[in-house]
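The values are calculated or read from the model by the stated rules, or taken from the named source; none is laboratory data. Because the structure is predicted, anything quoted here is derived from the model rather than measured. Every residue, glycine as well, gets a Cβ built from its backbone with ideal geometry; the counts of neighbours run over all protein chains shown. For the accessible areas, the whole protein counts, side chains as well, though only heavy atoms, and no ligand, DNA or RNA atoms are used. Shrake-Rupley method; radii C 1.70, N 1.55, O 1.52, S 1.80 Å.
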Amino acid sequence: MSVFRATLVAVLGVAALFATMVGPVGAQRIPSMGDGAIEDFLRHVIRPPRYENVRLSPNGRYLLLVEKPHRSGGDDTILVYDLDSEGDSAGRRVSVGNRRVDWVEWANDDRFLIAISARNVRVTLRRERGRYQLVASQSRVLTIDRDSLQRVSVLFDGEGENFWNPNRSPITDFLPDDPDHILMPSYERRNYNLYRVNIETGAADRVERGDDATVAWFSANGEAVMRVDRTRSGEHLRFHARTGRNGRWRRVNTVRTLDLFDARANFEWAGPSDRPGEIYVRARPDGSEFYGIYRYDLAEDVFLEPVAVRDDYDIDYALIDEDTGRYYGYSYAGARRHFVFADPAFAAGYADIRRQFPEDVIVEPVSLGANRMVVYVSGATLPGVYYLHDAGAGVIDELVAVNSDLVADSLQPMQAISYTARDGTEIPAFLTEPATGSISSTPLVVMPHGGPEARDEQGFDPVVQYLAAQGYTVFQPNYRGSSGYGRAYAEAGYRQWGRLMQDDLTDGVAALVERGQADPDQVCIVGFSYGGYAALIGAALTPELYRCAFAGAPVADVEEFLEFKEDAGDEVHDYWVELLGHPRRDRDFMRETSPVRIADRIDRPVYLLHGDADRVVPVEQSRVMAAALEAADADFVYEEVSGLTHNWGEGRDFIVTMRNLAAFLDDAMDGRIDSFDPNANKDE
């Protein structure tokens with residue numbers, strides 16, 4: 001049984017498979033970087049994980065993992081280990097040639113599934129009949145016999161070109177009582193249906209019909225019990241369940257996905273239950289302060305008793321066996337991520353594992369099979385290492401490190417701190433210092449997270465580590481409006497853009513200066529998405545505080561942004577009215593807190609960055625901001641990146657962005673732009 005099932009499915013063709021022998025699984029040596037150049041450090045920091053999808057078979061004897069190529073142009077490889085064997089015969093290698101492995105998972109003890117897709121093929125979105133449709137060729141999910149590494153079957157094989165699987169399509173149910181079949185969604189033309197698929201032959205029979213709005217299916221005891229449809233805008237999800245005595249599909253909830261800034265929905269699937277007619281959900285019922293895990297009665301459409309609710313933090317997700325519905329526990333984030341287990345014996349076993357590692361790292365259960373467990377250990381100074389714990393033998397061994405080019409000595413710890421805001425509220429935050437430490441002459445980068453209903457937590461962050469390597473102290477406040485701390489803390493940020501939320505940033509800088517951990521004459525603010533808004537409004541409202549501002553994909557005109565949300569539908573627009581203000585009654589307030597309206601108050605250098613393919617915050621927001629800065633004769637640089645969506649960029653694009661950010665901070669920390677040119681780093 002896997003505690004967490006893989007959910008990523010890719011697109012496009014099938015490759016030839018071949019098997020070779022590999023050596024026994026064991027610890028990967030991590031070489032020292034020494035005093036390597038900062039450019040090498042940047043490449044190492046952003047390198048994708050070398051190993052992914054480490055999975056134990058249900059009986060715990062066999063191990064699957066995906067090895068990514070160390071250099072571009074290499075092949076993805078699947079490693080299959082017999083943990084009860086020794087020597088070179090214990091491991092074998094499956095190559096998929098010039099294809100990408102998107103995920104692997106055990107179908108049962110004897111067969112495993114892999115999802116593969118072609119390399120260097122961009123999956124695009126096409127707007128059709130008011131909806132965005134995924135445009136791609138046919139994808140492939142294969143099953144392979146573990147023992148022979150032969151008997152390869154292609155799921156949905158022979159069904160024609162109408163059947164394909166988009167990115168992020170999950171296996172809905174591995175049907176432990178029917179080991180020859182799985183429940184799996186797939187598109188048939190434009191409808192996202194659910195199928196019972198034979199893993200030996202690949203033949204598929206439709207068991208539930210969806211439509212072009214359906215995005216997910218969930219099951220319990222081998223039967224579909226919940227369907228999720230996305231609204232036309234994509235910012236709300238409608239949950240449908242088989243409720244009532246007749247078992248018909250009925251809408252039970254509509255929740256916001258807040259795809260805008262990666263916040264969590266207010267009602268979501270947590271897992272199947274071991275009680276017929278019930279499921280687990282993560283929710284915050286009316287009147288509740290914190291998100292918890294609840295049982296949910298499908299027939300009566302009601303919440304039952306809470307399974308787990310905290311009085312200090314929101315619970316983020318449940319740990320549930322998707323095959324049996326057994327509830328193991330839950331995870332939440334305080335300063336770092338924690339795991340709490342309901343079963344005393346299981347909790348004691350996890351505590352034994354946890355004691356093997358430093359307190360400031362995260363020890364995440366990844367896969368469980370019989371008496372063995374795979375855990376993923378990570379932290380600010382540890383990009384990630386997989387370990388195998390054998391409860392029967394009482395030992396824990398390192399399996400593989402996901403980024404063997406980075407060592408703890410080259411990374412800086414992320415300290416959990418707090419400070420008192422002007423009204424007496426304690427604000428949690430994180431501070432990452434350069435290797436030299438933070439003193440009164442150390443330059444400070446204030447980096448508010450996006451959201452705003454999101455949060456930072458301790459962990460490996462390539463942007464933070466890169467800035468710390470450049471000699472900056474990085475300050476990440478979880479200002480009011482952040483998620484994870486309960487309803488009141490999040491809602492304290494409603495209609496407080498540029499007001500209370502911004503004051504929390506200002507008060508944090510003042511606290512660090514007072515503690516002698518920052519130079520008040522060397523402070524810049526760097527943010528993306530909502531953080532980009534905070535950077536712009538900070539430069540406008542408190543120019544004496546910041547020497548410069550970097551704003552990536554920012555909201556610049558709050559009133560116009562709210563109008564943009566009108567096209568997303570009433571449910572989405574209502575949420576943004578609650579968050580930002582009423583378009584008529586609060587118009588003056590929104591204009592007063594829109595950077596584009598007060599651009600003439602910005603007398604510090606600004607670096608604007610936006611992708612022209614951004615559908616979350618439209619690029620027009622930065623275009624009008626650039627025009628306003630130009631009209632105000634401000635000191636600024638605007639860079640518009642072709643094809644970039646709502647992110648920092650990937651691969652080489654990310655490297656270029658980081659180079660430019662470092663060059664901008666180095667040039668503008670004195671309060672003016674002298675030589676910075678974002679095009680200078682693109683050809684290096």
Once you have the alpha carbon radius of gyration of segment 425-499, what is it after dividing by 2.2 N^0.38 Å, with N set to its residue count?
1.21
Leaving out ligands and nucleic acids, note down the accessible area per residue over segment 607-675 with a 1.4 angstrom probe, in whole Å².
42
Could you sort the peptides 312-323, 378-389 by per-residue average Cβ neighbour count (10 Å cutoff), highest mean leading?
378-389, 312-323
On a 1.4 Å probe surface of the protein chains, which of T420, T425 comes out largest in accessible area, and what is the full order?
T420, T425
How large is ³J(HN,Hα) for each residue in segment 330-336, as worked out from phi by the Karplus curve 6.51 cos²θ - 1.76 cosθ + 1.60 (θ = phi - 60°), to whole Hz, x for Gly and Pro?
8, 10, 9, 10, x, 5, 10
Tell me the label-point distance for the pair T201, V395, using the 7 Å Cα-to-Cβ offset, in nm and rounded to one decimal.
4.5
Would you mind pulling out the separation of the Cα centroids of segment 633-676 and segment 358-372, in Å?
39
Give the accessible area for R499 in Å² (nearest 10); use a 1.4 Å probe, count only protein heavy atoms, and leave out ligands, DNA and RNA.
80
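What FRET efficiency comes out for the pair N221/H338, r = Cβ-Cβ distance, R0 = 25 Å, nearest 0.05?
Numbers: r = 31 Å, r/R0 = 1.22.
For R0 = 25 Å, the calculated efficiency reads 0.25.
Keeping every protein chain in place, order R422, R50 by accessible area at 1.4 Å, biggest value first, i.e. largest first. Don't jump to the answer; show the numbers that get you there.
On the way: R422 150, R50 60 Å².
Descending order: R422, R50.
Once the piece of chain linking R652 and E578 is laid out straight, how much longer is it, given 0.36 nm per residue of separation minus the C-alpha distance between them?
Details: separation 74, 0.36 × 74 = 26.64 nm, distance 3.87 nm.
Result for the pair: 22.8 nm of gain on full extension.
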In nanometres, what is the gap between the two model label sites at R189 and S288, each 7 Å from Cα along Cα-to-Cβ?
4.1
Between E630 and A370, the two model label points (7 Å from Cα along the beta-carbon direction) sit apart by a distance in nm of 6.9
May I ask you to rank W576, W269, W249 by accessible area, largest first, using a 1.4 Å probe over the protein chains only?
W249, W269, W576
Which shape class applies to segment 557-660: rounded if a/c is under 1.5, otherwise prolate when a/b exceeds b/c and oblate if not, where a ≥ b ≥ c are the square roots of the Cα gyration tensor eigenvalues?
oblate
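If R0 is 25 Å, what FRET efficiency do you get for R251 and R585 from their C-beta distance, rounded to 0.05? Provide the component values of the computation, followed by the final result.
Working: r = 31 Å, r/R0 = 1.24.
Efficiency, from the Cβ-Cβ distance: 0.20.
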Using a/c under 1.5 as the rounded threshold, could you call segment 394-530 rounded, prolate or oblate? The axes a ≥ b ≥ c are square roots of the C-alpha gyration tensor eigenvalues, and prolate needs a/b larger than b/c, oblate otherwise.
oblate
HN-Hα J in Hz across segment 551-558 - Karplus 6.51, -1.76, 1.60, θ = phi - 60°, x for Gly and Pro
10, x, 6, x, 7, 10, 10, 4
Please check which bits of segment 497-527 a label hung off S440 would reach, taking the label as a point 7 Å along Cα-to-C-beta and the cut-off as backbone N under 11 Å.
514-520
A student applying the Cα gyration tensor rule (rounded when a/c is under 1.5; otherwise prolate if a/b is larger than b/c, oblate if not) would label segment 469-570 prolate
Check which residues have an amide H placed less than 5 Å from Y317's amide H, if you skip close sequence neighbours.
S331
If you plug each phi of segment 624-638 into the Karplus form 6.51 cos²θ - 1.76 cosθ + 1.60 with θ = phi - 60°, what whole-Hz ³J(HN,Hα) values come out, in order, with x for Gly and Pro?
6, 5, 4, 5, 5, 5, 5, 5, 8, 6, 7, 8, 8, 10, 10
Residues meeting the amide H criterion for I116 (H placed from the backbone, H to H distance under 5 Å, 5 or more places apart or on another chain) are A10, D102, R140, L142
